[in-house]
Amino acid sequence: MQEAANVLKEDGRIVNISTDGTHLSFPGATVYLGSKGALEQYTKGLAQELAPRGVTVNTVSPGFTETGMMTDQFRQIGSQMSPLKRLGLPKDNADVVAFVVSEEVRWLTGQNIHAGGGIVMWQDAEKVRQLRSRIAQKLNVPKHTPRLFARCGLADSLFEHPEALLPSAPIWKIPIVYCE
């Protein structure tokens with residue numbers, strides 16, 4: 001991204017893609033969500049550095065998005081969490097990105113735009129606990145055994161392909177504190 005910033009013209013746009021998952025937290029996704037959280041902070045710093053050139057830097061954070069990799073279980077969870085009662089479509093996210101790079105959004109920089117159909121507004125604590133528990137079961141996270149599952153080449157979204165986070169060998173298991 002820094003190299004791209006060097007060749008980007010004045011008044012250019014940079015859009016990073018994160019996930020609404022950084023505001024929800026899910027067991028077994030610590031490495032993935034941590035990297036996306038770092039990207040969100042990087043966006044803020046780079047936005048300050050490039051502002052004198054008129055370059056805006058923002059993040060778009062999609063929520064549950066309908067793709068061929070979305071499991072039925074996550075389709076149901078995503079639809080339940082969204083006040084709009086549906087999953088996002090790739091076009092929904094593309095339209096948000098297209099808007100963020102438009103001239104009309106020249107005054108917006110260093111921001112994280114949530115394009116998840118309102119899932120980050122989801123405040124029902126009991127439902128959140130149940131959701132986290134269901135995901136932990138899906139990922140086979142032991143309830144009383146601290147684990148972090150890390151794997152090279154994580155899927156672009158935990159919600160699209162959670163099986164990608166499962167360890168393929170014991171070497172991928174790294175102890176951490178796991179709390180439900």
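Just one of (1) farther than 20 Å from Val120 by Cα; (2) out of contact with any helix residue (DSSP H, G or I) (no Cβ under 7 Å at 6 or more places or on another chain); (3) of a type outside the set (Lys, Arg) fails for Leu50. It is (2).
When segment 105-129 is filtered for residues that are modelled with pLDDT of 70 or more and assigned to a helix (DSSP H, G or I), the ones remaining, listed by number, are Val105, Ile119, Val120, Met121. Among the residues of segment 65-86, some residue qualifies, meaning at least one is among the basic types (Lys, Arg) and in contact with a Leu (Cβ under 8 Å, 6 or more places away or on another chain). Provide a single number: the residues in segment 24-73 that are acidic (Asp, Glu) and closer than 25 Å to Lys138 by Cβ. Total satisfying the criteria: 2. For segment 17-38, which residues satisfy the criterion of being farther than 21 Å from Gln130 by Cα and either of a type in the set (D, E, K, R) or surrounded by fewer than 19 Cβ atoms within 10 Å (Cβ to Cβ) (or both)? Selection gives Ile17, Val31, Gly34, Ser35, Lys36, Gly37, Ala38. In segment 11-37, the residue that is farthest from Asn93 (Cα to Cα) out of those that are touching a strand residue (DSSP E or B) at 6+ places or on another chain (Cβ under 9 Å), of a type in the set (Ser, Thr, Tyr) and not in a loop (DSSP other than H, G, I, E, B) is Thr30.
Residue pairs whose Cβ atoms lie under 8 Å apart, separated by 6 or more positions or on different chains, with the first residue in segment 104-115 and in contact (Cβ under 8 Å) with a residue 40 or more places away in the chain and the second of a type in the set (Phe, Trp, Tyr), are Val105/Phe99. The set of residues from segment 50-104 being surrounded by 17 or more Cβ atoms within 10 Å (Cβ to Cβ) and in a helix (DSSP H, G or I) comprises Leu50, Phe74, Ile77, Gly78, Met81, Asp92, Asn93, Val96, Val97, Val100.
The values are calculated or read from the model by the stated rules, or taken from the named source; none is laboratory data. Note that the structure is predicted; figures quoted are calculated from it, not measured. Cβ sites come from the backbone with ideal geometry, for glycine too, and all protein chains shown count toward neighbours.
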